[in-house]
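Here is the structure we will look at.
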Amino acid sequence: MNQPETIACWSCKGPVTIQLNFCRTCNAIQPPREYNPFQLFELSPTFDVDNMVLENKYLNLQQKLHPDLFVSKSNREKDYAMQCAANLNDAYLKLKSPVKRAEILLFLNGIEASSSEDKSINDTEILMEAIEMREALLSADSANAVDSVMRESLVEMDDCILEISKAFNSNNLSIIEKLIARLKYLEKFVADARERQLLLKI
């Protein structure tokens, strides 16, 4: 079995396993390091993340890394705590988001997902779907009508997430970028629909 990689603690120079945030010898918080979010939460790199497990791991790490716990420590340790807590929050939000989670997995597989916001519009199939959905939203003249349109879109989002999961599980990476583009659009559409619904309730 391979031994875990270690670094030297900045405080006592003792060995620290790179996955740990604290030195086991002197308990000093360690400087933030480059992790992909799956490593930070000690999760297998898979699209199908158990949200309850993720939430519990996040709360456990947050209880150890919250900057309020380091108010009596040195400025160096305060800075490390702030950076580690910020990295923790960022990683948590990325793993909670199906879009971000899929993009991270593509990157780990050597594929950098396009960050272009216009990618979905350049896809004819998604473009036609977008036009139909926008027309339905514009035609909705009451909060209840918007709610009906939004519910349909939420179902489409769930179906799209399921398709992404299936694509990863079958290692069919070639279609995932298109699915991500569609999911991004659906998420934006639902957000816009919620705004329209609120305006119609006023």
Practice problem: Could you tell me whether any residue of region 40-53 is out of contact with any Lys or Arg (no Cβ under 8 Å at 6 or more places or on another chain) and over 30 Å from residue 165 (Cα atoms)? | Solution: no
Practice problem: Pick out the one residue from 100, 96 that is of a type outside the set (Ser, Thr, Tyr), free of Cβ contacts under 8 Å to residues at least 12 places away in the same chain and under 24 Å from residue 173 (Cβ atoms). | Solution: 100
Exercise. Just one of (1) without any contact (Cβ under 8 Å) to a residue 60 or more places away in the chain; (2) over 28 Å from residue 181 (Cα atoms); (3) in a helix (DSSP H, G or I) trips up residue 150, so point out which.
Key: (2)
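Scan region 164-180 residue by residue and report those that are of a type outside the set (Lys, Arg), surrounded by fewer than 16 Cβ atoms within 10 Å (Cβ to Cβ) and in a helix (DSSP H, G or I).
Of everything in region 164-180, those that are of a type outside the set (Lys, Arg), surrounded by fewer than 16 Cβ atoms within 10 Å (Cβ to Cβ) and in a helix (DSSP H, G or I) turn out to be 169, 173, 174, 175.
Here's the yes/no breakdown for (1) in a helix (DSSP H, G or I); (2) without any contact (Cβ under 8 Å) to a residue 60 or more places away in the chain:
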position: 7; (1), (2): no, yes
position: 24; (1), (2): no, yes
position: 31; (1), (2): no, yes
position: 34; (1), (2): no, yes
position: 38; (1), (2): yes, no
position: 48; (1), (2): no, no
position: 53; (1), (2): yes, yes
position: 56; (1), (2): yes, yes
Exercise. From 155, 149, 190, grab the single residue that is surrounded by fewer than 16 Cβ atoms within 10 Å (Cβ to Cβ) and not assigned by TED's automatic domain parsing to the domain that holds residue 44.
Key: 155
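The values are calculated or read from the model by the stated rules, or taken from the named source; none is laboratory data. Fair warning: this is a prediction, and the values are worked out from it, not measured in the lab. As a convention, Cβ positions derive from the backbone with ideal geometry for all residues, glycine included, and neighbour counts pool all protein chains shown.
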